[in-house]
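The values are calculated or read from the model by the stated rules, or taken from the named source; none is laboratory data. Note that the structure is predicted; figures quoted are calculated from it, not measured. Every residue, glycine as well, gets a Cβ built from its backbone with ideal geometry; the counts of neighbours run over all protein chains shown. Accessible surface is based on the protein model in full, side chains and every heavy atom, while ligands, DNA and RNA are left aside. Shrake-Rupley method; radii C 1.70, N 1.55, O 1.52, S 1.80 Å.
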Amino acid sequence: MNKSGFLSGLENRLKGLPQEEIKKTTDYYSEMIDDAVENGETEQDVTARLGSVDEVADKIINEMPLGKIVKANVRERNISAAATALLIVGSPVWFPLSLSVIVVALAVYAAVWSAIIACFAADAALAISGVAMLVASPFAVTAAPWKAMLLFGLALVCIGAAVIVFYLSIWVAKLFIRLTGYSIRKLKRTLIGGGNHESE
(Lines give C-alpha, C1' and ligand atoms only; values in the text may rest on other atoms or scores of the structure.)
Protein backbone atom coordinates (compact mmCIF):
# COMPACT_ATOMS: atom_id res chain seq x y z
CA MET A 1 0.00 0.00 0.00
CA ASN A 2 1.36 3.44 -0.90
CA LYS A 3 1.37 6.52 1.33
CA SER A 4 -1.84 8.13 0.03
CA GLY A 5 -3.79 4.86 0.28
CA PHE A 6 -2.55 4.28 3.83
CA LEU A 7 -3.37 7.82 4.97
CA SER A 8 -6.81 7.94 3.33
CA GLY A 9 -7.68 4.52 4.80
CA LEU A 10 -6.50 5.65 8.22
CA GLU A 11 -8.49 8.89 7.97
CA ASN A 12 -11.60 6.91 6.99
CA ARG A 13 -11.21 4.52 9.94
CA LEU A 14 -10.78 7.40 12.39
CA LYS A 15 -13.66 9.52 11.06
CA GLY A 16 -15.52 9.47 14.41
CA LEU A 17 -12.59 11.06 16.28
CA PRO A 18 -12.13 14.84 16.70
CA GLN A 19 -10.92 16.41 13.44
CA GLU A 20 -7.80 17.86 15.09
CA GLU A 21 -6.84 14.35 16.32
CA ILE A 22 -7.32 12.87 12.83
CA LYS A 23 -5.18 15.62 11.29
CA LYS A 24 -2.48 15.26 13.95
CA THR A 25 -2.39 11.48 13.39
CA THR A 26 -2.28 11.62 9.57
CA ASP A 27 0.39 14.37 9.69
CA TYR A 28 2.46 12.22 12.06
CA TYR A 29 2.29 9.13 9.81
CA SER A 30 2.80 11.23 6.68
CA GLU A 31 6.01 12.69 8.13
CA MET A 32 7.14 9.24 9.29
CA ILE A 33 6.69 7.78 5.79
CA ASP A 34 8.41 10.77 4.15
CA ASP A 35 11.42 10.44 6.50
CA ALA A 36 11.72 6.71 5.76
CA VAL A 37 11.47 7.34 1.99
CA GLU A 38 14.26 9.94 2.27
CA ASN A 39 16.37 7.23 3.94
CA GLY A 40 15.94 4.92 0.95
CA GLU A 41 12.82 2.86 1.80
CA THR A 42 9.82 2.62 -0.49
CA GLU A 43 6.35 3.78 0.61
CA GLN A 44 5.12 0.17 0.37
CA ASP A 45 7.91 -1.09 2.65
CA VAL A 46 7.18 1.58 5.27
CA THR A 47 3.41 1.00 5.32
CA ALA A 48 3.98 -2.78 5.51
CA ARG A 49 6.27 -2.23 8.51
CA LEU A 50 3.70 0.00 10.20
CA GLY A 51 1.02 -2.70 9.90
CA SER A 52 -2.43 -2.69 8.36
CA VAL A 53 -4.64 0.40 8.51
CA ASP A 54 -7.01 -1.46 10.86
CA GLU A 55 -4.18 -2.36 13.27
CA VAL A 56 -2.87 1.22 13.38
CA ALA A 57 -6.40 2.65 13.76
CA ASP A 58 -7.27 0.17 16.54
CA LYS A 59 -4.12 1.15 18.43
CA ILE A 60 -4.99 4.87 18.17
CA ILE A 61 -8.62 4.27 19.21
CA ASN A 62 -7.56 2.14 22.20
CA GLU A 63 -5.22 4.91 23.41
CA MET A 64 -7.80 7.69 22.92
CA PRO A 65 -9.72 8.62 26.12
CA LEU A 66 -13.40 7.63 25.95
CA GLY A 67 -14.49 11.15 27.04
CA LYS A 68 -12.79 12.71 24.01
CA ILE A 69 -14.59 10.33 21.63
CA VAL A 70 -17.98 11.01 23.27
CA LYS A 71 -17.44 14.81 23.06
CA ALA A 72 -16.48 14.61 19.38
CA ASN A 73 -19.50 12.41 18.68
CA VAL A 74 -21.93 14.83 20.35
CA ARG A 75 -20.32 17.91 18.79
CA GLU A 76 -20.43 16.56 15.23
CA ARG A 77 -24.06 15.39 15.26
CA ASN A 78 -26.36 17.88 13.58
CA ILE A 79 -29.61 17.65 15.54
CA SER A 80 -32.66 19.21 13.92
CA ALA A 81 -34.94 21.64 15.75
CA ALA A 82 -37.71 19.01 15.89
CA ALA A 83 -35.32 16.44 17.40
CA THR A 84 -34.10 19.00 19.92
CA ALA A 85 -37.70 19.81 20.91
CA LEU A 86 -38.46 16.09 21.28
CA LEU A 87 -35.37 15.64 23.46
CA ILE A 88 -36.44 18.51 25.72
CA VAL A 89 -40.08 17.37 25.97
CA GLY A 90 -39.07 13.74 26.56
CA SER A 91 -36.32 14.55 29.07
CA PRO A 92 -38.51 13.74 32.12
CA VAL A 93 -38.69 10.18 30.75
CA TRP A 94 -35.35 9.48 29.07
CA PHE A 95 -33.07 11.30 31.54
CA PRO A 96 -34.11 9.30 34.67
CA LEU A 97 -34.06 6.07 32.65
CA SER A 98 -30.55 6.81 31.32
CA LEU A 99 -29.38 7.77 34.79
CA SER A 100 -30.86 4.55 36.22
CA VAL A 101 -29.05 2.43 33.63
CA ILE A 102 -25.73 4.16 34.41
CA VAL A 103 -26.22 3.80 38.18
CA VAL A 104 -27.14 0.10 37.85
CA ALA A 105 -24.10 -0.54 35.62
CA LEU A 106 -21.81 1.19 38.13
CA ALA A 107 -23.41 -0.72 41.01
CA VAL A 108 -22.86 -4.06 39.25
CA TYR A 109 -19.25 -3.08 38.48
CA ALA A 110 -18.66 -2.11 42.14
CA ALA A 111 -20.36 -5.32 43.36
CA VAL A 112 -18.08 -7.50 41.22
CA TRP A 113 -14.99 -5.72 42.55
CA SER A 114 -16.35 -6.05 46.10
CA ALA A 115 -16.72 -9.81 45.59
CA ILE A 116 -13.14 -10.03 44.24
CA ILE A 117 -11.81 -8.04 47.23
CA ALA A 118 -13.84 -10.30 49.59
CA CYS A 119 -12.16 -13.34 48.00
CA PHE A 120 -8.73 -11.86 48.70
CA ALA A 121 -9.78 -11.09 52.30
CA ALA A 122 -11.02 -14.68 52.76
CA ASP A 123 -7.75 -15.90 51.27
CA ALA A 124 -5.75 -13.83 53.78
CA ALA A 125 -7.88 -15.22 56.66
CA LEU A 126 -7.27 -18.80 55.48
CA ALA A 127 -3.52 -18.21 55.19
CA ILE A 128 -3.26 -16.58 58.62
CA SER A 129 -5.36 -19.35 60.22
CA GLY A 130 -3.24 -22.02 58.57
CA VAL A 131 0.03 -20.47 59.74
CA ALA A 132 -1.36 -19.97 63.27
CA MET A 133 -2.45 -23.64 63.51
CA LEU A 134 0.87 -24.79 62.09
CA VAL A 135 2.73 -22.81 64.79
CA ALA A 136 0.36 -24.04 67.54
CA SER A 137 0.44 -27.75 66.60
CA PRO A 138 3.83 -28.57 68.26
CA PHE A 139 2.62 -27.03 71.55
CA ALA A 140 -0.49 -29.25 71.49
CA VAL A 141 1.63 -32.44 71.53
CA THR A 142 2.11 -32.22 75.30
CA ALA A 143 -1.66 -31.90 75.90
CA ALA A 144 -2.78 -34.60 73.45
CA PRO A 145 -0.92 -35.95 70.39
CA TRP A 146 -4.17 -36.40 68.43
CA LYS A 147 -4.92 -32.65 68.88
CA ALA A 148 -1.48 -31.80 67.51
CA MET A 149 -2.09 -34.04 64.48
CA LEU A 150 -5.54 -32.50 63.97
CA LEU A 151 -4.14 -28.97 64.14
CA PHE A 152 -1.34 -29.88 61.75
CA GLY A 153 -3.80 -31.42 59.26
CA LEU A 154 -6.16 -28.43 59.47
CA ALA A 155 -3.19 -26.08 59.01
CA LEU A 156 -2.21 -27.87 55.78
CA VAL A 157 -5.82 -27.78 54.55
CA CYS A 158 -6.09 -24.03 55.27
CA ILE A 159 -2.76 -23.22 53.62
CA GLY A 160 -3.63 -25.36 50.57
CA ALA A 161 -7.05 -23.71 50.30
CA ALA A 162 -5.40 -20.26 50.63
CA VAL A 163 -3.10 -21.01 47.70
CA ILE A 164 -6.02 -22.20 45.53
CA VAL A 165 -8.25 -19.23 46.47
CA PHE A 166 -5.36 -16.80 45.81
CA TYR A 167 -4.75 -18.04 42.26
CA LEU A 168 -8.48 -18.25 41.58
CA SER A 169 -8.96 -14.66 42.81
CA ILE A 170 -6.07 -13.44 40.63
CA TRP A 171 -7.57 -15.24 37.60
CA VAL A 172 -11.05 -13.73 38.19
CA ALA A 173 -9.59 -10.22 38.71
CA LYS A 174 -7.54 -10.45 35.47
CA LEU A 175 -10.56 -11.79 33.57
CA PHE A 176 -12.74 -8.94 34.83
CA ILE A 177 -10.08 -6.34 33.92
CA ARG A 178 -9.83 -7.83 30.40
CA LEU A 179 -13.64 -7.82 30.09
CA THR A 180 -13.76 -4.17 31.18
CA GLY A 181 -11.08 -3.20 28.65
CA TYR A 182 -12.83 -5.15 25.90
CA SER A 183 -16.16 -3.42 26.68
CA ILE A 184 -14.56 0.03 26.59
CA ARG A 185 -12.86 -0.75 23.25
CA LYS A 186 -16.16 -1.99 21.79
CA LEU A 187 -17.94 1.16 23.01
CA LYS A 188 -15.24 3.37 21.45
CA ARG A 189 -15.49 1.55 18.11
CA THR A 190 -19.29 1.78 18.19
CA LEU A 191 -19.13 5.54 18.86
CA ILE A 192 -16.73 6.18 16.01
CA GLY A 193 -18.50 3.77 13.65
CA GLY A 194 -15.67 1.22 13.61
CA GLY A 195 -17.30 -1.67 15.46
CA ASN A 196 -16.82 -4.06 12.54
CA HIS A 197 -13.05 -3.75 12.56
CA GLU A 198 -12.32 -5.73 15.71
CA SER A 199 -8.76 -6.96 15.93
CA GLU A 200 -7.92 -8.20 19.39
* Asked: What number in nm² do you get for the range 108-150 if you take the convex hull of its Cα atoms and divide its surface by four?
  -> 3.2 nm²
* To do: Take the alpha-carbon centre of the range 86-104, take the same for the range 110-143, and report the distance between them in whole Å.
  => 46 Å
* Area accessible to solvent at Met64, 1.4 Å probe radius, in Å² -> 10 Å²
* Helix 3-13 versus the longest principal axis of the chain: what is the Cα-based angle in degrees, 0 to 90, to the nearest 10? -> 60 degrees
* Keeping the other protein chains in place, figure out the carbon and sulfur percent of the accessible area of the chain, with a 1.4 Å probe. => 70 percent
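Solvent-accessible area per residue for the range 104-155 at a 1.4 Å probe radius, Å²?
I get 65 Å² per residue for this part.
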* Asked: With each run of n ≥ 4 DSSP H residues scored as -39500 (n - 2.57), what mean residue ellipticity at 222 nm is computed for the chain after dividing by its residue count and rounding to the nearest 500 deg cm²/dmol?
  -> -29500 deg cm²/dmol
* Asked: If we count every other residue with Cβ under 13 angstrom of Glu41's Cβ, Lys/Arg +1 and Asp/Glu -1, where does the sum land?
  -> -3
* Asked: How about Lys188: which aspartates and glutamates have a C-alpha closer than 13 Å to its C-alpha, ignoring those fewer than 8 places off in the same chain?
  -> Asp58, Glu63, Glu198
* Asked: Considering only protein heavy atoms, what is the solvent-accessible area of Ser98 at a probe of 1.4 Å, reported in Å² to the nearest 10?
  -> 50 Å²
* **Largest to smallest accessible area among Phe120, Phe6, Phe176, Phe152 [probe 1.4 Å]** => Phe152, Phe120, Phe176, Phe6
* **Spherically averaged projected area in nm², based on the convex hull that wraps the Cα atoms of the range 79-155** => 7.9 nm²
* **Label assignment, volume of the Cα convex hull per residue in Å³ derived from the structure, set [x] 194; [y] 137; [z] 184** => [z]
* **Relative contact order (%) - the chain, alpha-carbon pairs under 8 angstrom, separation at least six** => 27 percent
* Rounded to the nearest 10 Å², what accessible area does Thr26 show when all protein chains are kept and the probe is 1.4 Å? -> 20 Å²
